[in-house]
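Asks: This structure is in structure tokens; I'll ask about it shortly.
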Amino acid sequence: MCGIVGILGNTPVAEHLVDALRRLEYRGYDSAGIATVENGHLDRRRAEGKLKNLEQRLLSEPLKGRTGLGHTRWATHGKPVERNAHPHMNERVAVVHNGIIENFQELREELTAKGHVFQTETDTETILHLVSAYLEEGHESVDAAKRALQRLRGAFALAIIFAGQDNLMVGAREGPPLAVGHGDGEMYLGSDAIALAPFTDTITYLEDGDCAVLSRQSVQIFDRDGRLVTRPAIKSLASSMLVDKGNYRHFMAKEIHEQPEVISHTLANYLDLSVGRVELPDLGIDPSSISQVSISACGTAYYAGLVGKYWIERYARIPVEIDVASEFRYREPPLPKGGLALFVSQSGETADTLATLRYCKAQGQRIASIVNVRTSTIARESHVILPTLAGPEIGVASTKAFTCQLSVFACFAIGLARARGTITREEERALVKALSEIPRHISTLLRDEDRYEDLAHRLSKAQDVLYLGRGTSYPIALEGALKLKEISYIHAEGYAAGELKHGPIALIDENVPVIVVAPQDQLFEKTASNMQEVAARGGRIVLVTDAPASKAGCALEAHIAMPEIHPFAVPLLYAVPVQLLAYHTAVLMGTDVDQPRNLAKSVTVE
């Protein structure tokens, strides 16, 4: 979602604001802008499109203020054009905002009746006019901001600066993340620690309902009841995780190639390879007493959860319910006593997932989360966290975060199974060994990308692509289809292979490629029969398998040969070919691979 950065500096901040915004590009955006306080007045520069457009504007029209706000906007209210870009500003106040103000229309009507004239269609402009209205009534700047905050309903993070006040910035959080950075005679605000890493490694994360009043020397934080509170300042690791593309054309390519390393790091957090054993953190609940595991997540994380459902039920013999987070709490499912609710989120700030977490907590469930950011809201509100060690993922389309989530699910299922006595020690050692071999197998796959480039030429001519799989390969088919459509904009759908003749087979003709994810396991023969049905109707089959091509029993457009591995570890390895197919197809089609249209990395509003 939108990215926020604020700096109370000792030198002109425009260049630093743009640099910080560049580190927030991974969140997704369609316009950008900055505003500063200069000689007592406010000034700003905005541009639609990429940051380079804003940089060009600043070259011809520089800003020299030492206090400023920056913002990358992902449109929610109002078109992605310059007039709707942030900061929103008048002669007294400048505001940047991430989130949605649910009652903005009601407030807008109230303010319009008082004579305020709105220039944009955004909900953010309502904040600007509301703060201004309180200033006009004679309230001091901080008080005006606080009064405005009390009127807002929704999920938001925001930052405000004022004309004539070079040493003041107000930030607030109600949902989306916002952090205070502590410097030496300087202070910062940012949507995450990555944005602030060039300036400081000392971070204070605001909690929901907090309002922070910053000067260059200090920060005061008030909770939603107006009480002065202390939030811990922690040392951030973000400075050691800053990334660039290196020798890769895109961040997505780099992150695909980082998977052997980050999967190794993640597995090392849970596996004791010397004895072939999984070591889980204390769940705070007896695994033998868990009556049900309820998994909730969004997008790619949801597909990781689907694989996790197969694993947990198959090996730990615990019933698993899974739902997309945006649906879970609205159907108000009854949750059993002794249940464990498990949430999956790369950022740890996904709004729907966080809302569902709170629902489950209120229902008395034990809360665990698989997250990549240990200081995130979901992590902080969980009873126990199962961290992934993927590092920052800049490409909007998740790759290494997904396989690290699968790694944690695999370890979690094994650990539960051993604790419940549903696998033997010999079986545990075999499963641990299978996982430990995955980084090596992925490295081998990544040394041979030419075949994916050749296939991409053929996929790029298609209007529709189908993905098929069975068992744990079904979620990988879903993930492959998601990857292709989100970065290449080709329509793609994933199906359980057995569902083919229940409708999707009507789509098959000689123009429809069908990607079949089919390891040579107990389900292979059934999947092969589905392939033969596709072939009989002229479909072009791309088979991803460790079986010989001859076993397909039909003509293939292409055969992606995979190494033979334990069936348990198949999803981790087979995720990589579908990532590479999507990536090379998107590159060939010339799309913005790292920041596909209409998408955001971290969805922090519902």
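Asks: Restricting the stretch 217-250 to residues that are part of a helix (DSSP H, G or I) and open to solvent by 40 Å² or more (accessible area, probe 1.4 Å), which is modelled with the lowest pLDDT?
Replies: It comes out as Ser240.
Asks: Specify which of the listed residues (Val37, Val93, Val13, Val5) is under 25 Å from the mean Cα position of the chain (by Cα) and at pLDDT 95 or above.
Replies: The match here is Val5.
Asks: Looking at Asp30 and the list (1) touching a Pro at 6+ places or on another chain (Cβ under 8 Å); (2) closer than 23 Å to Phe162 by Cα; (3) open to solvent by less than 60 Å² (accessible area, probe 1.4 Å), which single condition is not satisfied?
Replies: (2)
Asks: Which pairs turn up if I take residues in the stretch 202-216 that are in contact (Cβ under 8 Å) with a residue 60 or more places away in the chain and part of a loop (DSSP other than H, G, I, E, B) and look for partners that are small (Gly, Ala, Ser) and open to solvent by 10 Å² or more (accessible area, probe 1.4 Å) with beta carbon separation below 9 Å, at least 6 apart in sequence or on another chain?
Replies: Matching pairs, first to second residue: Asp208/Gly175; Arg216/Gly183; Arg216/Gly185.
Asks: Tell me which helices (runs of 4 or more DSSP H) are completely within the stretch 425-496 and hold 1 or more residues being without any contact (Cβ under 8 Å) to a residue 40 or more places away in the chain, out of contact with any helix residue (DSSP H, G or I) (no Cβ under 8 Å at 6 or more places or on another chain) and surrounded by 22 or more Cβ atoms within 10 Å (Cβ to Cβ), or say none if there are none. Spell out how you get there, then give the answer.
Replies: Values: elements: 425-436, 438-446, 450-459, 473-488.
Answer list for the stretch 425-496: 473-488.
Asks: So, in the stretch 389-411, how many residues would count as being of a type in the set (A, V, I, L, M) and open to solvent by less than 10 Å² (accessible area, probe 1.4 Å)?
Replies: Looking only at the stretch 389-411, we keep the residues that are of a type in the set (A, V, I, L, M), and these are 389-390, 394, 396-397, 401, 406, 408, 410.
So of that shortlist, the ones also open to solvent by less than 10 Å² (accessible area, probe 1.4 Å) come out as 390, 397, 401, 406, 408, 410.
The total comes to 6.
Asks: Where residues in the stretch 547-591 are part of a loop (DSSP other than H, G, I, E, B) and modelled with pLDDT of 90 or more, which of them is most open to solvent (accessible area, probe 1.4 Å)?
Replies: Out of the qualifying residues, it is Glu564.
Asks: Out of the stretch 175-199, which residues are among the polar types (S, T, N, Q) and surrounded by fewer than 22 Cβ atoms within 10 Å (Cβ to Cβ)?
Replies: None - no residue of the stretch 175-199 is among the polar types (S, T, N, Q) and surrounded by fewer than 22 Cβ atoms within 10 Å (Cβ to Cβ), so the list stays empty.
Every residue, every condition in (1) at pLDDT 85 or above; (2) over 25 Å from Ile100 (Cβ atoms), yes or no:
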position: Val170; (1), (2): yes, no
position: Leu206; (1), (2): yes, no
position: Glu258; (1), (2): yes, yes
position: Glu261; (1), (2): no, yes
position: Glu279; (1), (2): yes, yes
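Asks: Separate question: Determine which single condition Val275 fails, assuming it passes every other condition in (1) open to solvent by 60 Å² or more (accessible area, probe 1.4 Å); (2) within 24 Å of the chain's Cα centre (by Cα); (3) aliphatic (A, V, I, L, M).
Replies: Every listed condition holds for Val275 apart from (2).
The values are calculated or read from the model by the stated rules, or taken from the named source; none is laboratory data. Predicted, not measured: the structure shown is a model, and the values here were computed from it. Every residue, glycine as well, gets a Cβ built from its backbone with ideal geometry; the counts of neighbours run over all protein chains shown. Each accessible area value is taken on the protein alone, full model and side chains, heavy atoms only, with ligands, DNA and RNA left out. Shrake-Rupley method; radii C 1.70, N 1.55, O 1.52, S 1.80 Å.
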